[in-house]
Amino acid sequence: MKPDAAPQAFLDAVDADTMLREVQDWAAVNTGTGNLDGLATMAGKLADAFSELPGEVGLVEPAIVTAISAEGREFEKPHGRHMVLRVRPKAERRLVLTGHMDTVFPADHPFQEVSWLDDETINGPGTADMKGGLDVILHALKLFETTEGASRVGYDVMINSDEETGSLASRGLIEELARGKYAALTYEPSALPDGTLAHVRGGTGNYSITINGKSAHAGRNPQDGRNAIVAASDLVLRVKALEAKDITVNPAKIEGGAANNVVPDLAILRFNIRPKSTDAMDRFDGELDAILRLIEAEHEVGVHRHGGVTRPPKPVDARAQRLFDLVKDCGAQLGQQIGWKSTGGVCDGNNIAATGVPVVDTMGVRGGAIHSPDEFMIVPSLRERAALSALVLTRLSTGDPL
């Protein structure tokens with residue numbers, strides 16, 4: 001296909017029937033983030049599918065990730081391997097495309113099957129978020145490889161196994177592959193079913209604060225105890241008070257305690273923050289440390305902090321805006337009206353943007369109701385979005401649009 005081929009040629013070249021069959025097959029494999037067997041099966045299917053492209057496909061071991069148990073102990077959480085395809089690694093201009101194979105539905109969740117809602121819509125786990133998006137990556141790259149400009153560009157494809165839980169086992173890999181790239185595309189579903197893209201994003205962080213007090217009898221000698229639940233409750237009010245216009249704080253859960261006649265010696269507070277700027281993120285971090293020292297001193301307890309910001313805020317700078325404009329222009333050539341809106345949601349696009357690489361992170365299918373049994377994918381969007389990405393990749397391979 002010539003680099004100046006009419007955009008309609010990309011639409012005509014998409015094998016929509018094959019795309020649909022692949023999405024249905026992939027959605028039939030449960031890939032809840034904790035289902036290591038299902039993830040291994042899916043990683044194998046993806047490795048086979050992406051091996052049709054030039055380059056080298058490999059499965060990368062997850063980074064070590066720890067969490068805090070309800071008993072206050074730190075433990076290692078297992079994760080699945082991530083798939084990486086590297087094509088023309090020595091090319092002067094290189095891109096990165098990312099997606100995730102995991103879903104929020106565990107192996108024992110009742111939502112496991114794909115069904116038709118109407119002639120153009122299917123309902124199924126991960127159809128929109130984001131096995132449809134993974135298939136868009138595959139077929140867009142197949143189309144791109146037929147163009148004359150493809151040989152001038154290299155790219156990496158990274159499909160991780162843990163995006164739905166924060167990408168802690170793949171964050172380092174994402175940042176490694178993103179650094180130095182010319183541009184990035186991530187294949188979360190569109191922000192709205194009409195194809196609207198997510199623009200500016202806030203950040204997110206998850207914390208687990210373990211408080212170790214001292215047990216005592218609640219009637220005989222309560223003064224000898226150090227109540228961990230009281231200390232955790234004080235902590236809740238203090239971190240909630242850190243909310244401002246540029247950050248929200250959501251205390252989500254307090255665990256701990258025992259019988260009513262025992263002063264509790266253990267409490268775990270779990271909370272989430274949503275900073276809208278890196279300044280807010282950094283400010284909160286320092287203020288939290290000061291509060292934890294105060295809690296230790298005033299309540300005479302031990303405090304252990306675990307976690308932090310997993311995805312920094314994603315602003316849109318001038319280069320990133322030019323990438324959005326390029327996607328919009330390509331959409332117009334294909335008869336697709338592309339707009340964008342800011343969102344409080346987060347994804348791997350946040351981590352890519354933090355490396356200084358321009359990214360559009362909702363290049364996947366049109367759909368909705370994600371993270372629920374009502375999740376749906378609009379089937380014609382497989383063809384639409386594959387052609388859109390192929391055209392965007394072609395434009396990125398020629399000239400210097402960014």
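Figures for the structure shown
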| quantity | calculated |
| --- | --- |
| Which labelled figure in (i) 221; (ii) 180; (iii) 136 is volume of the Cα convex hull per residue in Å³, once derived from the coordinates | (iii) |
| Region 2-86, accessible area per residue, ligands and nucleic acids excluded (1.4 Å, Å²) | 51 Å² |
| Two-site FRET efficiency, residue 118 against residue 261, from Cβ-Cβ distance with R₀ of 60 Å, rounded to 0.05 | 0.50 |
| For residue 123, net neighbour charge (Lys/Arg +1, Asp/Glu -1) across residues whose Cβ lies under 11 Å away | -4 |
| Principal axis dimensions, region 1-142 - Cα atoms, whole angstrom, descending | 62, 46, 20 |
| Computed Kirkwood radius, in angstrom, where 1/r is averaged over Cα pairs of region 65-195 | 16.9 Å |
| Convex hull per residue volume in Å³, alpha carbons only, for region 147-298 | 170 Å³ |
| Set 314/341; 77/276; 90/314; 214/240 screened for pairs whose C-alpha atoms are more than 22 Å apart | 77/276; 90/314; 214/240 |
| Where trypsin sites (Lys or Arg not before Pro) in DSSP loops with at most 13 other Cβ within 10 Å are excluded, longest remaining stretch of the chain | 246-402 |
| DSSP beta bridge pairing in the chain, given as percent antiparallel to the nearest 5 | 75 percent |
| Amide H within-cut-off set for residue 100, under 5 Å, with H built and near neighbours excluded | 160 |
| Longest DSSP-loop-exposure-free segment, GluC sites (Glu not before Pro), the chain, at most 15 other Cβ within 10 Å | 121-242 |
| Estimated vicinal HN-Hα couplings, Hz - region 215-222 in sequence order (Karplus 6.51, -1.76, 1.60; Gly, Pro = x) | 7, 6, 6, 5, x, 7, 8, x |
| Karplus 3J(HN,Hα) series, Hz, for region 53-59 with 6.51 cos²θ - 1.76 cosθ + 1.60 (x for Gly, Pro) | 8, x, x, 10, 9, x, 10 |
| Whole-number percent relative contact order across the chain, with pairs defined as alpha carbons under 8 Å at least 6 apart | 24 percent |
| Region 80-140 - percent relative contact order, Cα under 8 Å, separation 6 or more | 30 percent |
| Value at 222 nm in deg cm²/dmol, rounded to 500, when DSSP H runs of n ≥ 4 in the chain each add -39,500 (n - 2.57) | -10000 deg cm²/dmol |
| Karplus (6.51, -1.76, 1.60) ³J(HN,Hα), θ = phi - 60°, over region 176-191, in Hz, Gly and Pro reported as x | 4, 6, 7, 4, x, 6, 6, 6, 9, 10, 10, 10, 4, x, 4, 5 |
| Electrostatic dipole magnitude of the chain [Cβ: Lys, Arg +1; Asp, Glu -1; Cα centre; debye, to 20] | 1040 debye |
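The values are calculated or read from the model by the stated rules, or taken from the named source; none is laboratory data. Every value quoted in this text rests on a predicted model; they were computed, and no experiment measured them. Cβ sites come from the backbone with ideal geometry, for glycine too, and all protein chains shown count toward neighbours. With ligands, DNA and RNA removed, areas are computed over all heavy atoms of the protein, side chains included. Shrake-Rupley method; radii C 1.70, N 1.55, O 1.52, S 1.80 Å.
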